[in-house]
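The values are calculated or read from the model by the stated rules, or taken from the named source; none is laboratory data. Since the model is a prediction, treat every value here as computed from it, not as a measurement. Quick reminder, even Gly has a Cβ in these numbers, built from the backbone with ideal geometry, and neighbours come from all protein chains shown.
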Amino acid sequence: MALIEATHIVKIYPNGVLANDQVYLSVEKGEIHALVGENGAGKSTLMKILYGLEHPTSGEIRLRDQLVEIHNPQVAIDMGIGMVHQNFMLVDSFTIAENIALGRESTLAAGLTLDRQKAIRDTQELSKQYGLFVEPNARVEAVPVGMRQRVEILKALYRGAEILILDEPTAVLTPRETQDLFTAVRNLVDEGKTVIFITHKLREVMEISDRVTVMRDARTVGTVNTAATNERELARMMVGREVFMQVDKPPVERGTPVLDVRGLTYVNEVGRTLLRDASFTCYEAEILGIAGVEGNGQTELVEVLTGLRTASAGEAYVDGTSVLGHGPRKIREAHVAHIPEDRLTNGVALTASIGDNLIVDRYYHPPVTQMGILDLNTIRANSADMIEQFNILAPSGDLPVASLSGGNMQKVVVARELSSDPRLLIAAQPTRGVDIGAIEYIHQQLVDQRTNGLAILLISADLQEVMKLSDRIMVMYEGEIVAVLPNTPDLTEDKLGLYMLGAERQPTAEMEQNR
Amino acid sequence: MNLHFSASQWRLLIAGVALAALVIGLIVYQSFELAEADNMWDAITGAPDWQNILFVDALIGVSVVLFILELRGDSMRILLTVGMALLFGFFMTAFFNLDAADKFVRGNFEVRILSDDDSPVDLSYEQDISGAFNNPDDPITEGRYSFLGAEGDKVTILAYAIEPESGLDMQVALLDESGAVVAEATEADRRVQKQYGDYVQSETDAAMRDVVLPADGLYTILAQPEGDTELQAEFGVALLSDHDSAAGLIYNGQAVEDIFNREGDTDPLKQVDYTFIGGEGDTVTLLAYAKRANVPVDLEVILYDEAGNKLAENFDANDEQVEAYEELKSTRDSIIESFVLPATASYRIHVQPQPLDLSTKLDETLDETVHAYDAFLLGPLSKLNRWMDWQRDAITLIMLGLAIAIVFRAEQFSLGAEGQLYLGALVAGVIGLSFGDVPRALLVPIALFSAATVGFLWGLLPGALKAYLDANELVSTLMLNTIAVKFYEMVITDQLTPPDAGFSASDWIPENGLLAPVITVEQNSITIAIYILIALILFSWLLIQRTPLGYEIRMIGANIKFADYGGVNTKRTIMLAMAISGAVAGLAGAHLALGVHRKLLLTISIGLAFEGVVVALLARNNPLVVPFTGLLYAYLRAGAQIMEREANISAEVVRIIQAVVILLITAEALVTFFQQRQVRRRGSGGESGDKQDRSLTPAEGGVHG
Ligand SMILES: Nc1ncnc2c1ncn2[C@@H]1O[C@H](COP(=O)(O)OP(=O)(O)OP(=O)(O)O)[C@@H](O)[C@H]1O
Ligand SMILES: [Mg+2]
């Protein structure tokens, strides 16, 4: 008997997009059920329907063989269905314990009369029970993303979730955090819970799930036992063709220096040095990868270089001209493109149209603006072009970006930045949240552009991605560059790991040589 | 505006055009008062400046089409909200009109008896009667008048010559039933003359003061000439008493009058009885009717005999009776017609307001409410003059709505339009006042330009404070508003008010400083402000949708971090957005000064700018929709004013109803606004450094509903 079963689910969004078409999903009690599919296949939509956030146009949902109607999330919670969204819905300024306790009595009065001591006790207990470590007294805004995710999970459990939906939980996690999450998920299942798990990383599917349901083009392709399948077969089911995940990377001779960084230092408002005396060079026709555990100054390095933060000391030159201290416009005009690590913070404007999102770096000069007036035809042609070229799943460029699936939003960002004819591309987490087909495409794009002379600074939480694409790899630890290594076949993850964890530091002379 | 039409847009366009045609038709039909016209075309072309009026009506139609095309589904939502709000307002109006039927139980009324027969009594208290001695047609030498008196009643009886010059000398006697003299008099002393000057003017008249009647019964007043009994002259007899007359009414005598349920009375009159003495076989007609047609108290009348037996009753007259008796004004009045009295005796007429039944109450409430709502909904169209008032208000509101839409588009909550409006009015007004001899073609553009400039600067200021000092624009603009308004008031009272003026206001602005009229109806005009407005609408739309600056404004509004990241100079854009908005608000001020008031009044706006906020929010900050929402809002305002004037509802209640309607509409606008903001906010996280923590997959939990 299936614990929860969705049959013939059809969902048509108000703008006419058919997001689910006769979808079938059946999840057994106590299993870890992975849900995979390309960007825009309808995974999130289906989950939102199970959680009462969206209403199916037609179809039936059965919980323990009972026909149910899930009108809103409260109903779902009462039925024991919990969901962790990618964008967490926590109150940032509250402590973790408060957030967890507030989840249950979600009224204002509850907020006023909250028993804080009890909340802390409950949080600790729950945390121990499921092996999900959190600090009950820390404010949500001050804790790292992995912990926030655990808070979300605990919140769902605290409300009595029996079925837990995790929508792309690992997209934002470091490999280490991912392993912790998997341990916790296994604990949950041991406790009798059921988990539905969405991811684009087939490795993770193979590692954690019992069964997999594959979606494609709003339909379910099928459900298979994980043990009876493999990554390649899954990829084929998802995409409908063979996916190689191999990039074709011809060797090229690197050219002249494009980005020259000297002594770059960033001290934040409270006086902590987050980036210390970074000096490096990125050359024409080269991908310079940055490896490092998240939070070791990569973000600050990128944001200083792109003008979003002001350097405390140091200089950066692009093709010989100093670019810092004048804001992003000047940097962009030096032909620097930037894929930001968090597309939602600054990569897109959700309510603006796809077309408008695609021109933010070029709206003020021809061909977009001619004689002081925006040329709508150019904007439209541009978006149609990008949608086509980058395979963005969108019926029209006039639609708001908010109506795209997560991966497709990322494609909008990548499309804009790659199409800006850059000299230097600073790419932070360029494939976060995109499906394997798109990863393949984006990777190939990056490599091709590098082959054609582009200088790329690549930052990724995914070490394999860095190692696959980079020509050189720079390791950051606590705001400092601790090693610069050519990406030769004998460079191993383990070796990088030593630098990343601060266990080792490259001798200065050697570093200078590779710089 | 999207010029590439898809199938669904064609459908929308058709729906919009149909609605627009309907609206224009209604406006033309009502405002030209075509219902009463013999020839519609003549009625239209007979109106002054009719071509321009039709032009403006056409523009209203265009605004409707734009509203539908631009907002699509949302437009239905807005119309629905407005409809619901109006419906709610209707119920509120009905609620405040629940006592509408009370007018039927309240008000002045009169009661009369008519008869062809002679009355057994001729007088009752507080009445007078007249006759003529030695009239050749009917020669009498004495007048005998009977009245019914009660024991202990104190009466004053006066007999007097109608014309003092006639030389008639009167004497009077009061006789009881047996004919014995109770009292008599031949003189009227000075005191009597003074007290009863209406009747008695000479000491040759006769007066008996305060005679106490010894018993119940019929008394007779005998009035005779004294001395010359051959004299031909008219005389009068008055019977006065503070007591209630035992015989209150007399055939064909004066009507008695009273008020039922007077408002404010602690113990109001609810019913009343009158007596009269009737002779056996006399045919009488009893009338009870509302004194004034507009106070339509609904009466019923019942006739009882002395023993209290009901002899006849009537609740409502019929149509013929209303025709036949001039006293009767409607069928609500009551009549007992041609009743033959069975005996000579005292009779009692009982009169009271007809009790209200539920259906009358509901009918009346509904009638009143429909009447009030008719004034509310169609009032602004009922005359060309009112149509003009509506248009002028709408021009101001649309200008302000545009100003607000521009800043709101950039998510800047500037409420500075109020101050900018005042300063714009001031500058334009002062220029108009001071350079009256400069030709109009030069002066008006200068005045307008200056108003726009001062508004621009007054918007730049909070913009700069926001951009460089991070001062909250809401607070700073509100403070700048106060400064601007106070400064304006100071200049008006101290500098511009002519010394001999009774209240604070400038002189009239000379003709050359005024916006030229385009439509004039009964001295009420719409000026070229309408063209300025059209230009402003196009300008705002172009600015926001089609210029790089507009793009910057939109992106800042959608996600300021995205704009920053993309290289937009956000500080400059914020300042410019607030300044341009200020310029538009300044022009609205110039319109008020040079086009509407034609002088600088002390108060030109009480929160007009805030109404502009509602207009802008309803229009989703879309410059092409603002005209429609501005017209709508101005219409509701104008309608409420007319309802206040025309309907039976107090001004306060009208305010409440108007406020509730507007509150509901505003709520709709605000809810939508915050919903959209929430979507935008989903994207941008907090300020803390750990941005990577927020890398999210937005479709999840992003937009729903
Ligand atoms: N609120 C919305 N309004 C309109 N269309 C939407 C909305 N949300 C999603 N869609 C569309 O529905 C389709 C399915 O979206 P969904 O978010 O379910 O995809 P997904 O499988 O979760 O993709 P991803 O892996 O990229 O997150 C997409 O084409 C998307 O553009
Ligand atoms: Mg998704």
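When the helices (runs of 4 or more DSSP H) confined to segment B:540-625 are screened for residues that are more than 28 Å from A:LEU376 (Cα to Cα), those reaching at least 3 such residues are found at B:570-591, B:608-618.
Every test in (1) aliphatic (A, V, I, L, M); (2) part of a helix (DSSP H, G or I); (3) touching a residue at least 40 places away in the same chain (Cβ under 8 Å) is passed by A:VAL195 save one, and that test is (2). Looking only at residues in segment A:402-415 that are in contact with a Gly (Cβ under 6 Å, 6 or more places away or on another chain) and farther than 16 Å from A:HIS338 by Cβ, the one that is farthest from ligand 2 (Cβ to nearest atom) is A:ALA402. A single entry from A:GLY52, A:GLY40, A:GLY16 fulfils the requirement of being within 12 Å of chain B (Cβ to nearest Cβ), within 16 Å of ligand 2 (Cβ to nearest atom), at positive phi and not in a strand (DSSP E or B): A:GLY40.
Of A:LEU418, A:LEU399, all but one fail to be away from every other protein chain (no Cβ under 12 Å) and away from ligand 2 (no atom under 16 Å from the Cβ); the exception is A:LEU418.
From A:GLY433, A:GLY397, A:GLY453, which residue is farther than 28 Å from A:LEU202 by Cβ, in contact with a Lys or Arg (Cβ under 9 Å, 6 or more places away or on another chain) and within 16 Å of ligand 1 (Cβ to nearest atom)?
Details: A:GLY433 fails: farther than 28 Å from A:LEU202 by Cβ; A:GLY453 fails: within 16 Å of ligand 1 (Cβ to nearest atom).
Being farther than 28 Å from A:LEU202 by Cβ, in contact with a Lys or Arg (Cβ under 9 Å, 6 or more places away or on another chain) and within 16 Å of ligand 1 (Cβ to nearest atom) holds for just one of A:GLY433, A:GLY397, A:GLY453, which is A:GLY397.
From B:ILE277, B:ILE302, which residue is in contact with an Asp or Glu (Cβ under 9 Å, 6 or more places away or on another chain) and either not assigned by TED's automatic domain parsing to the domain that holds B:THR344 or not hydroxyl-bearing (Ser, Thr, Tyr) (or both)?
Details: B:ILE277 fails: in contact with an Asp or Glu (Cβ under 9 Å, 6 or more places away or on another chain).
Testing whether each residue is in contact with an Asp or Glu (Cβ under 9 Å, 6 or more places away or on another chain) and either not assigned by TED's automatic domain parsing to the domain that holds B:THR344 or not hydroxyl-bearing (Ser, Thr, Tyr) (or both) leaves just B:ILE302.
Name every residue in segment B:26-42 that is more than 16 Å from B:LEU631 (Cα to Cα) and either among the small types (Gly, Ala, Ser) or assigned to a helix (DSSP H, G or I) (or both), in order of residue number. B:TYR29, B:GLN30, B:LEU34, B:ALA35, B:GLU36, B:ALA37, B:MET40, B:TRP41, B:ASP42 - these are the residues of segment B:26-42 that are more than 16 Å from B:LEU631 (Cα to Cα) and either among the small types (Gly, Ala, Ser) or assigned to a helix (DSSP H, G or I) (or both).
None of B:VAL653, B:VAL679 is modelled with pLDDT under 75, within 16 Å of ligand 1 (Cβ to nearest atom) and of a type outside the set (Gly, Ala, Ser) except B:VAL679. When B:SER119, B:SER124 are checked against the criterion of being within 30 Å of B:GLY281 (Cβ to Cβ) and at pLDDT 80 or above, B:SER124 stands alone in meeting it.
The condition of being touching a residue at least 24 places away in the same chain (Cβ under 8 Å), in a loop (DSSP other than H, G, I, E, B) and either within 20 Å of A:ALA334 (Cβ to Cβ) or away from chain B (no Cβ under 14 Å) (or both) holds for only one of A:GLY263, A:GLY307, A:GLY289, A:GLY314, that being A:GLY307.
If you filter segment A:154-200 down to residues that are within 16 Å of ligand 2 (Cβ to nearest atom) and hydroxyl-bearing (Ser, Thr, Tyr), you find that the one that is farthest from A:ASP494 (Cα to Cα) is A:THR199.
Every residue, every condition in (1) more than 14 Å from chain A (Cβ to nearest Cβ); (2) without any contact (Cβ under 8 Å) to a residue 24 or more places away in the chain, yes or no:
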| site | (1), (2) |
| --- | --- |
| B:LEU480 | yes, no |
| B:SER506 | yes, no |
| B:GLY513 | yes, no |
| B:THR520 | yes, no |
| B:GLN523 | yes, yes |
| B:GLN545 | no, no |
| B:PRO548 | no, yes |
| B:TYR565 | no, yes |
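Scanning segment B:167-223 for residues that are more than 22 Å from B:HIS243 (Cα to Cα), among the charged types (D, E, K, R) and buried (at least 16 other Cβ atoms within 10 Å of the Cβ) yields a total of 2. Can you find a residue that is buried (at least 17 other Cβ atoms within 10 Å of the Cβ) and assigned to a strand (DSSP E or B) anywhere in segment A:386-401? Taking every residue of segment A:386-401 in turn, at least one turns out to be buried (at least 17 other Cβ atoms within 10 Å of the Cβ) and assigned to a strand (DSSP E or B). In this structure, does B:ALA501 turn out to be more than 14 Å from B:PHE413 (Cα to Cα), modelled with pLDDT of 90 or more and of a type in the set (Gly, Ala, Ser)? No; evaluated as a whole, the condition is false for this residue. For segment A:1-13, a residue qualifies if it is more than 9 Å from ligand 1 (Cβ to nearest atom) and assigned to a loop (DSSP other than H, G, I, E, B), and exactly one does: A:MET1.
Residue-wise test of (1) at pLDDT below 80; (2) acidic (Asp, Glu); (3) closer than 23 Å to B:ALA634 by Cβ.
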position	(1), (2), (3)
B:HIS350	no, no, no
B:GLN354	yes, no, no
B:LYS361	yes, no, no
B:ASP367	no, yes, no
B:HIS371	no, no, yes
B:LEU377	no, no, yes
B:LEU384	no, no, yes
B:MET388	no, no, yes
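Residue count for segment A:421-462 satisfying the condition of being under 19 Å from A:GLU168 (Cβ atoms) and either touching a strand residue (DSSP E or B) at 6+ places or on another chain (Cβ under 7 Å) or within 14 Å of chain B (Cβ to nearest Cβ) (or both): 12.
Can you pull out every residue in segment B:70-92 that is among the acidic types (Asp, Glu) and either at pLDDT 85 or above or not in a helix (DSSP H, G or I) (or both)?
We begin by selecting, within segment B:70-92, every residue among the acidic types (Asp, Glu); these are B:70, B:74.
If the condition is that a residue be among the acidic types (Asp, Glu) and either at pLDDT 85 or above or not in a helix (DSSP H, G or I) (or both), then B:GLU70 is the only one that fits.
Only one entry in B:PHE109, B:PHE67, B:PHE104 is closer than 30 Å to B:ALA372 by Cβ, touching a Pro at 6+ places or on another chain (Cβ under 9 Å), of a type outside the set (D, E, K, R) and not in a helix (DSSP H, G or I), namely B:PHE109. Going residue by residue through segment B:99-115, is there one that turns out to be within 26 Å of B:GLU300 (Cα to Cα), out of contact with any Leu (no Cβ under 9 Å at 6 or more places or on another chain) and surrounded by fewer than 18 Cβ atoms within 10 Å (Cβ to Cβ)? Within segment B:99-115, one or more residues are within 26 Å of B:GLU300 (Cα to Cα), out of contact with any Leu (no Cβ under 9 Å at 6 or more places or on another chain) and surrounded by fewer than 18 Cβ atoms within 10 Å (Cβ to Cβ).
Across segment A:14-34, the number of residues qualifying as near ligand 1 (Cβ under 9 Å from one of its atoms) and crowded, with 24+ Cβ neighbours inside 10 Å comes to 2. Going through (1) free of Cβ contacts under 8 Å to residues at least 40 places away in the same chain; (2) at the interface with chain B (Cβ under 9 Å from one of its Cβ atoms) one by one, A:GLU388 falls short only on (2). Only one of the numbered conditions (1) surrounded by fewer than 16 Cβ atoms within 10 Å (Cβ to Cβ); (2) of a type outside the set (Phe, Trp, Tyr); (3) under 16 Å from B:ASP273 (Cα atoms) is violated by B:GLU323, and that is (3). In this structure, is A:MET147 surrounded by fewer than 17 Cβ atoms within 10 Å (Cβ to Cβ), in a helix (DSSP H, G or I), away from ligand 2 (no atom under 16 Å from the Cβ) and without any contact (Cβ under 8 Å) to a residue 60 or more places away in the chain? So A:MET147 fails the test. Checking each residue in segment A:446-478 for being closer than 18 Å to A:GLU512 by Cα and surrounded by fewer than 23 Cβ atoms within 10 Å (Cβ to Cβ) picks out A:ASP471, A:ARG472, A:TYR477.
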